[in-house]
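Worksheet for the structure shown next.
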Amino acid sequence: MTILVALSTSERRTRIMDFAVEEAKLRSEKLIVVHSLYGGDKTTREEIEEGETLLKWAEEKAKSSGVEVETHLLVRGKDPGEDILEFISEIKPSLVVVGVKRRSPAGKLIFGSVPQKIILNSEVPVVSIK
């Protein structure tokens with residue numbers, strides 16, 4: 001089985017990866033790390049390069065801990081939350097790990113939340129890391 005890590009460029013990325021790596025070791029599972037961008041005119045070349053750098057960092061972090069890992073930069077023209085949910089349905093991981101930040105309920109309504117969408121709609125268990 002696998003553990004899917006939905007990673008962003010937030011300051012929580014280290015905590016998220018630390019948890020995911022330890023969980024993968026405990027379960028003897030592979031990590032699949034994803035970063036999703038809209039694509040098209042909604043995504044800049046810099047955002048793509050930043051995503052690639054993020055995934056390379058995550059891959060090195062997992063491999064240096066002895067964890068099997070693969071990475072995917074999802075640029076499929078979809079809302080990142082919907083895109084990650086679709087990817088979850090495709091690969092059927094045993095667990096999903098996401099990072100969350102504190103927001104007021106009104107802030108979540110106005111700005112939306114990729115982790116919130118994943119937590120509420122995932123078909124598999126989700127662990128949220130602050």
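Can you tell me which residue in segment 100-130 is modelled with the highest pLDDT, limited to those that are polar (S, T, N, Q), surrounded by 13 or more Cβ atoms within 10 Å (Cβ to Cβ) and part of a loop (DSSP other than H, G, I, E, B)?
Let us first name the residues in segment 100-130 that are polar (S, T, N, Q), namely 104, 113, 116, 121-122, 128.
With surrounded by 13 or more Cβ atoms within 10 Å (Cβ to Cβ) added as a condition, the list becomes 113, 116, 121-122, 128.
The next check asks that each one be part of a loop (DSSP other than H, G, I, E, B); those that pass are 113, 122.
Numbers: S113: 85, S122: 96.
Going through the qualifying residues, I end up with S122.
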Does segment 26-76 hold any residues that are surrounded by fewer than 13 Cβ atoms within 10 Å (Cβ to Cβ), within 19 Å of V126 (Cα to Cα) and not aliphatic (A, V, I, L, M), and which are they?
S28
Restricting segment 10-50 to residues that are β-branched (V, I, T) and not in a helix (DSSP H, G or I), the residue that is farthest from the chain's Cα centre (by Cα):
T44
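Here is a check on your reading of the model: is G81 assigned to a helix (DSSP H, G or I) and in contact with a His (Cβ under 8 Å, 6 or more places away or on another chain)? Lay out the reasoning, then the answer.
Values: assigned to a helix (DSSP H, G or I): yes; in contact with a His (Cβ under 8 Å, 6 or more places away or on another chain): no.
Here the answer is no, as G81 does not meet what is asked.
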Considering (1) touching a Leu at 6+ places or on another chain (Cβ under 6 Å); (2) hydrophobic (A, V, I, L, M, F, W, C); (3) closer than 14 Å to V127 by Cα, say which one V97 fails and leave the rest.
(1)
Condition first: surrounded by fewer than 18 Cβ atoms within 10 Å (Cβ to Cβ) and outside any helix (DSSP H, G or I). Now tell me which residues in segment 84-99 satisfy that.
K92, S94
Considering (1) surrounded by 15 or more Cβ atoms within 10 Å (Cβ to Cβ); (2) basic (K, R); (3) farther than 22 Å from P115 by Cα, say which one R13 fails and leave the rest.
(3)
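The values are calculated or read from the model by the stated rules, or taken from the named source; none is laboratory data. Predicted model, so just to flag it, every value in this text is computed and none were measured. Neighbour counts run over all protein chains shown; Cβ positions are idealised from the backbone, glycine included.
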